[in-house]
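Visitor: Structure below; questions to follow.
The values are calculated or read from the model by the stated rules, or taken from the named source; none is laboratory data. Values in this document were obtained by computation on a predicted structure and should not be read as measured data. Here Cβ is always computed from backbone atoms with ideal geometry, including for glycine, and neighbour counts include all displayed protein chains.
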Amino acid sequence: MARPPITLDRFILEGQHAHPGATGELSLLLMRLGVAGKRIARELATADLVHTHGSAGTENVSGEEQKKLDVRANDILIESFDYGGLVSFVASEELEEPYVYRGEAGTGKYTVLFDPMDGSSNIDVNGTLGTIFSIRPRRTGTVSDLLRPGVEQVAAGYILFGPAVLFVYSIGDGVAVFSLDPSIGEFVLVRRRIEMPPRGRGYAVNEGRRSGWSDADRSFVEYLKENDPSTGRPYSTRYSGSMVGDVHRILLDGGIYLYPADATSGKPSGKIRILYESHPLAFVVEQAGGRASTGLDRVLDLAPRTLHERTPVAIGSALEVEIYERFRRGEDPRDPGSQVRAGT
């Protein structure tokens, strides 16, 4: 007989017995995220047929245009935890304040944070999209539970909507990848443990914003583009407009994703939100052997002051992130005696 596939549910339950930090409640939460991923994938697959592409005519808390599917994905995720008493409240990139569950959910052990539709500018062109999630322990049942360092996450991951629908997550013991098998409607294990290459050959950054970068950020990207076969340069650019898609490529192939501070676009702290994007993706990447940095500090050590605080971020293979940090410190790896102006 052929061996049965290892489904997401089976993998989670078997891991619960093997991992001391796992609980039955956490297992159920991860399974519900898997169901939410299937529902969102269905919404995306049928959007042209049922006319749910386009703008919702509203803005999120950050003043960004919401797509209809941003709103629908957000609703699906909120619905996914509204029973069973597992989650006290959730926080979303699309909501100004956390959504608090009533009744038995008020004493749930966990809180969940999510970016329901990362890369939503790609929705109407059938580009790569993703849902990012982070699970944290409930402490006081207030917002202060969320304004804490990323090292306190108990699980994090993302659902990637591309040619295949992938569920990628970690509970602090490596990173596993599952692919949605449409023939059985289940996520099936395809990679038990990802090990990120220590270096890569690609970089992802929106170079259309370079006029607002610091001198150090511009110098670093120019360094990656220089021709020097002895150090594997030039690198290839791989920016897609979806952080999830870009980070997933780098997770497998190595390299670096970069979103610097931008002095000219009204984003002096960059675009990437700490709680909904930086913390969960940093958690995953570090579990695969990579690094995530602001250029000066480890991303997982950051404790935001507000729910929607942003930070510059460099995330990827250890070598590229280390080189980026050298540029940010004012060092030039091509010449130890020269300096680049770090800027702010």
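Visitor: Look through Ser242, Ser278 and report the one residue that is closer than 21 Å to Ser170 by Cβ, touching a Leu at 6+ places or on another chain (Cβ under 7 Å) and assigned by TED's automatic domain parsing to the domain that holds Arg209. Talk me through it step by step, then tell me what you get.
Guide: Details: Ser278 fails: touching a Leu at 6+ places or on another chain (Cβ under 7 Å).
Unique residue meeting the criteria: Ser242.
Visitor: Return the total of residues in the range 143-158 being touching a strand residue (DSSP E or B) at 6+ places or on another chain (Cβ under 9 Å) and free of Cβ contacts under 8 Å to residues at least 60 places away in the same chain.
Guide: Matching residues across the range 143-158 total 2.
Visitor: Exactly one condition in (1) modelled with pLDDT of 95 or more; (2) touching a strand residue (DSSP E or B) at 6+ places or on another chain (Cβ under 8 Å) is not met by Gln339; state its number.
Guide: Exception for Gln339: condition (1).
Visitor: For the range 161-170, what are the residues that are assigned to a strand (DSSP E or B) and not β-branched (Val, Ile, Thr)?
Guide: Here is the first cut: in the range 161-170, the residues assigned to a strand (DSSP E or B) are 161, 165-170.
Answer for the range 161-170, where residues must be assigned to a strand (DSSP E or B) and not β-branched (Val, Ile, Thr): Phe161, Leu166, Phe167, Tyr169, Ser170.
Visitor: Still on this structure, I have one more. Looking at Leu251, is it out of contact with any strand residue (DSSP E or B) (no Cβ under 7 Å at 6 or more places or on another chain) and buried (at least 23 other Cβ atoms within 10 Å of the Cβ)?
Guide: On the way: out of contact with any strand residue (DSSP E or B) (no Cβ under 7 Å at 6 or more places or on another chain): yes; buried (at least 23 other Cβ atoms within 10 Å of the Cβ): yes.
Taking the combined requirement at face value, the residue satisfies it.
Visitor: Can you pull out the residues in the range 137-153 that are modelled with pLDDT of 95 or more and either under 15 Å from the mean Cα position of the chain (by Cα) or farther than 14 Å from Val112 by Cα (or both)?
Guide: Result: Pro149, Gly150, Val151, Gln153.
Visitor: Another one. Check Pro229, Pro234 and return the single one that is on the phi < 0 side of the Ramachandran plot and touching a helix residue (DSSP H, G or I) at 6+ places or on another chain (Cβ under 8 Å).
Guide: Values: Pro229 fails: touching a helix residue (DSSP H, G or I) at 6+ places or on another chain (Cβ under 8 Å).
Answer to the check: Pro234.
Visitor: Scan the range 184-216 residue by residue and report those that are touching a residue at least 60 places away in the same chain (Cβ under 8 Å), of a type in the set (A, V, I, L, M) and either part of a loop (DSSP other than H, G, I, E, B) or within 28 Å of Leu8 (Cα to Cα) (or both).
Guide: If the condition is that a residue be touching a residue at least 60 places away in the same chain (Cβ under 8 Å), of a type in the set (A, V, I, L, M) and either part of a loop (DSSP other than H, G, I, E, B) or within 28 Å of Leu8 (Cα to Cα) (or both), then Ile184, Val188, Leu189, Ile194, Met196 are the ones that fit.
Visitor: For the range 192-230, give me each residue that is loosely packed, with under 15 Cβ neighbours inside 10 Å and more than 27 Å from Lys267 (Cβ to Cβ).
Guide: Arg192, Arg193, Glu195, Pro198, Glu226, Asn227, Asp228, Pro229, Ser230
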